[in-house]
Every structure is written in C-alpha cells, then in structure tokens.
Amino acid sequence: MKKFQKPIYVTRPLVPDEDDLFKSFRQILDSEWLTNMGDFHQLLEKELRAYLNVPHVSIYNNGTIALLIAIKALNLPKGSEIITTPFTFAATPHVISWNGMRPVFVDIEPDTYTISPSAIEKAITPRTSAILAVHVYGFPCDVDAIEGIARKHDLRVIYDGAHAFSTEIHGKSVCHWGDITMLSFHATKLFNTVEGGALVYNNEYLEQQLRDLRNFGFRSEFQVEGVGINGKMNEFQAAFGLQILKKVKEEQRMRAEIYDLYCNELASVEGIKIPVFPEGVSNSFQYFPIMVEGNKGYSRDTLYNGLRECNVFSRKYFYPLCSSYSAYSDLPSSSIDHLPVATVVSKQALCLPFYSKLGLKNVGDICHMIREITKEN
Ligand SMILES: *Cc1c(COP(=O)(O)O)cnc(C)c1O
C-alpha cells in the first residue's frame, strides 16, 4: 500500500508570520519588560474578550495551571467531591486531586461524549461541591441541564473548554455557561500561545481572587493574600498569541473544507461512525474524531496500527479512560460497570490528522488508506 514519505501527525500548530512575530519580539526586548502582566499580556486579554464576546478573561502560562487556579478560586470545602468525566485528558481529574479534592467519575452521553446530566444527579452526595465538565472535541455539554442541577443542589460548575475555543451555542460563546471555563492555548490546540491558557468567568467577584492566585497572592509589594502560585503568561507568549489570533478564522474555514471531505470520503466505509454536531452548535474544528464500531471485522486498533504503517499518526483520544489511571483506579466510581458508555467509546474513538496545512490531497490519500485497511480485515 502507498505510504507517506514523512510522518503525518494528528495536528500541526498555527505559527505566526516571521516578520510580524520578530517585530513584536523586538518591541519586548527594547521595553526590557519580559513578563509580569506587561503590555502584550494586557492586550491579549483585551483582544480575547472581544473575540469571544465575553465579559471577563484572564490568561495563564498553561491550561492546567489555569484549571488548578479555577478550582482554588471557588473556595470549595477541603476534601469535598467534584463530579467529572473519565473521557478526557489527564489534566482534568489531576487538577481536582492537586486541590486536595476527590474526583467522582460518572458516565458520558453516547452521542456527544460529554458528561451525562442524569449520571451527575445520581452521583451527588452531601460531600459534592462542584461539577467539572468537559466540552470534549468541542461538543458542548448539556449546559442547561447542568445549570439546573447545579442550582438545585447549590454546586459550582467549571468547564474544561480546552477543545472549545470559539464554540458557540445559538451564536453565544459556550464560555457564558458555568462559573468558570478554562481554555487551553497549548501548541496542539486550535488557538495557541505555544503553552498557555485562559479562564473565562461570569462573576466580578472572582476577579481579585484569580489575580491573587496567579501571582503568588501579591496584592502589592508587601501584601500577600491567600496561597497563590506562579500562573503568569510571559510577554513572548502573549505576543505570539496576538499574531495567531489573526489567523484562527481562516484556519477554521480551511479545516471546515477538510472536515467535509473526510465526511464525504468516509460516509460509505462500513463500521465507521462520524459524530454529528447538534443543531445550533458551531464546530470548533479542534479535532476530527471518528468512532470505529468494531462490528465489521476490524477494530479501532486495527485502523490505528494500519495507519501507522502508512506513516499516519492518528490518536486514541481518549484511551485509556482517566478512571483507569493508577491514581484513580481504586475509586468506587472508577468501576467499569459504572461507566459502560465511556468504556465502549474509549475503545472506538480515533482522531484523524486535522489541520489546514494537511491539504485536501493528503486527506484524500488518508481516506484511501482507511478504505484499504478496513477492506483487508
Ligand atoms: C490540552 C488539554 C488540557 C490541558 O491544557 P494545557 O494547556 O496543555 O495544560 C486540559 N484538558 C483537556 C481536555 C485538554 O485537551
């Protein structure tokens, strides 16, 4: 079978135009202000507020630190339980543990792969303090149902929106829901600052708290409030991000073409299901996930391995489930019987290469490879 000469990865980062980037780097060098909430930091926060059309944005050195700070800022009771999904990246349950709280895993929805509201309700105990839900692949969680549950039981809601940059529900940013939403700006994410992240929050009262936590608790030279950490984004990252922000819309437009081509080419491959975005929801174009159902004589792993032989590196996002990590596998909520949908989905999910520079020709070739691999087995 045909094989790519050079490896094809699941994604490649958006990079700035060299001249523009170096011009802003020169400005930073001349200013001799390299970090600590400088001009580029301020400007990126401002531009993100405008871009996402949200009231409050604060930026951080990475998404995980941002999420760690988000939980800390809510002042939840020590040792309390946070209900979350096992079908996510390691950072999601880890930030709960780093805050001295206990993750409680519940199952996901079979069509959107997001946390199941009815499963959340069943898992609530007197120790539950919050819900940490993930807009996985950019599919929004059932935000209205989750809001209803949170109100009824007086719980805080945090969204891991690492995949949901610019996702909208009926034209409104998904970040409008919940107390706080985290966005990741890691190089593998649609919008990147090399490493970086943001919190979008909907309550003025969080502003001071988040500021304190991001900078060791320093309010002024001699006043430290609370137990802060170093979560600051530096000026180089912020300047990089400002350049990338100009390119996101065009990248999404080109990814949309790739998305359509994949859908057309793979529609006739038996045993592959392509997830469908719900009505009124905009695709963030972060990933191109497929589900390999395993009922046509080949498995997800057959396809994953077959593609590797062709020099195509797809990714099993998210396998294994976080609940099976050694840190969490002994929790009662990690039992497979308790997570039937997530268990099946984690064995079916595969993210295919998805970025504009991949080009339509290569997408066609990858689809051809997929048809060959699935036919042989
Ligand atoms: C990327 C990612 C994170 C972590 O973000 P970093 O910026 O890499 O720290 C958290 N959650 C999910 C679901 C992610 O995909």
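FYI, it's all coordinate maths here, none of it is from the lab. Note that this is a predicted model, so its numbers are computed, not measured. Neighbour counts run over all protein chains shown; Cβ positions are idealised from the backbone, glycine included.
Rounded to whole Å, the principal axis extents of the Cα atoms in the range 184-331 read 67, 45, 34, largest first. Packing, as the average of other Cβ atoms within 10 Å across residues, places the peptides 362-369, 130-137 in the order 130-137, 362-369, highest first.
Label-to-label distance for Glu121 and Lys23 is 5.6 nm, based on points extended 7 Å past Cα in the beta-carbon direction. Listed by chain and number, the aspartates and glutamates whose alpha-carbon sits under 17 Å from that of Lys78, ignoring those within fewer than 8 places in the same chain, are Asp154.
Charges were assigned to the Cβ only: +1 to each Lys and Arg, -1 to each Asp and Glu. The resulting dipole of the chain about its Cα centre is roughly 640 debye.
Spacing of the modelled spin labels on Asp30 and Ser329, each 7 Å from Cα toward Cβ, amounts to 5.7 nm. Estimated at 0.36 nm per residue, the fully extended path between Lys3 and Glu147 surpasses their Cα-Cα distance by 47.0 nm. Restricting the GluC sites (Glu not before Pro) of the range 19-119 to loop positions (DSSP other than H, G, I, E, B) with no more than 14 neighbouring Cβ atoms within 10 Å leaves Glu32.
Normalised by the number of residues in the chain, the average gap of Cα pairs under 8 Å and 6 or more apart makes the relative contact order 23 percent. Where q = 0.11, 0.12, 0.15 Å⁻¹, what log10 of I(q)/I(0) comes from the Debye formula for the chain, counting one point per Cα? Reported log10 I(q)/I(0), two decimals: -0.79, -0.94, -1.36.
Computed over the range 103-155, the quotient of the alpha carbon radius of gyration and 2.2 N^0.38 Å is 1.07.
Phi angles of the range 248-264 translate, via the Karplus equation with coefficients 6.51, -1.76, 1.60 and θ = phi - 60°, into HN-Hα couplings of 5, 4, 5, 4, 5, 5, 6, 5, 4, 5, 5, 4, 5, 5, 3, 4, 5 Hz per residue; Gly and Pro are given as x. Across the range 216-223, rounded Karplus estimates of 3J(HN,Hα) from the backbone phi angles (6.51 cos²θ - 1.76 cosθ + 1.60, θ = phi - 60°) give 6, x, 5, 8, 8, 3, 10, 10 Hz, Gly and Pro being marked x. The alpha-carbon of Lys357 sits under 15 angstrom from the alpha-carbons of these aspartates and glutamates, leaving out residues fewer than 8 places away in its chain: Asp17, Glu250, Glu251, Glu257, Asp365. Think of the range 1-151 as having a plus end and a minus end, set by charges on the Cβ of Lys, Arg, Asp and Glu; of Tyr137, Thr11, Met1, Met1 sits farthest toward the positive end of this dipole. Over every Cα atom in the range 260-374, the radius of gyration and the widest Cα-Cα span, Dmax, amount to 15.6, 48 Å. Here the range 96-228 is treated with +1 on each Lys and Arg Cβ and -1 on each Asp and Glu Cβ, and its dipole about the Cα centre works out to around 260 debye.
Here's the picture: charge each Lys and Arg Cβ at +1 and each Asp and Glu Cβ at -1 in the chain, and of Ala239, Leu48, Leu261 the one pushed furthest to the positive end of that dipole is Leu261. The calculated P(r) of the range 1-125, using every Cα pair and 5 Å bins from 0, goes 2, 8, 11, 12, 14, 14, 13, 10, 8, 5, 2, 0 in percent. Between Glu207 and Arg253, the simple spin-label model (points 7 angstrom out along Cα→Cβ) gives 3.5 nm. Out of every Cα-Cα pair that the range 219-300 contains, those further apart than 20 angstrom amount to 61 percent.
In terms of distances greater than 32 angstrom between alpha carbons, the cross-link table entries Lys152/Lys189; Lys122/Lys247; Lys247/Lys361 yield Lys152/Lys189; Lys122/Lys247. Backbone phi angles across the range 169-179, fed through the Karplus curve with coefficients 6.51, -1.76 and 1.60 (θ = phi - 60°), yield HN-Hα couplings of 10, 6, x, 10, 3, 5, 6, 6, 9, x, 6 Hz in residue order; Gly and Pro are listed as x. Note on the range 159-260: the C-alpha convex hull projects to 8.0 nm² when averaged across all orientations. Straight-distance candidates among the lysines for linking to Lys296, with alpha-carbon spacing under 17 Å and chain neighbours fewer than 8 residues away dropped: Lys273, Lys347, Lys375.
Stretching the chain fully between Val224 and His368 yields a gain of 45.8 nm (0.36 nm per residue, less the alpha carbon separation). On the principal axes of its alpha-carbon atoms, the range 74-181 has extents of 37, 29, 27 Å, going from largest to smallest.
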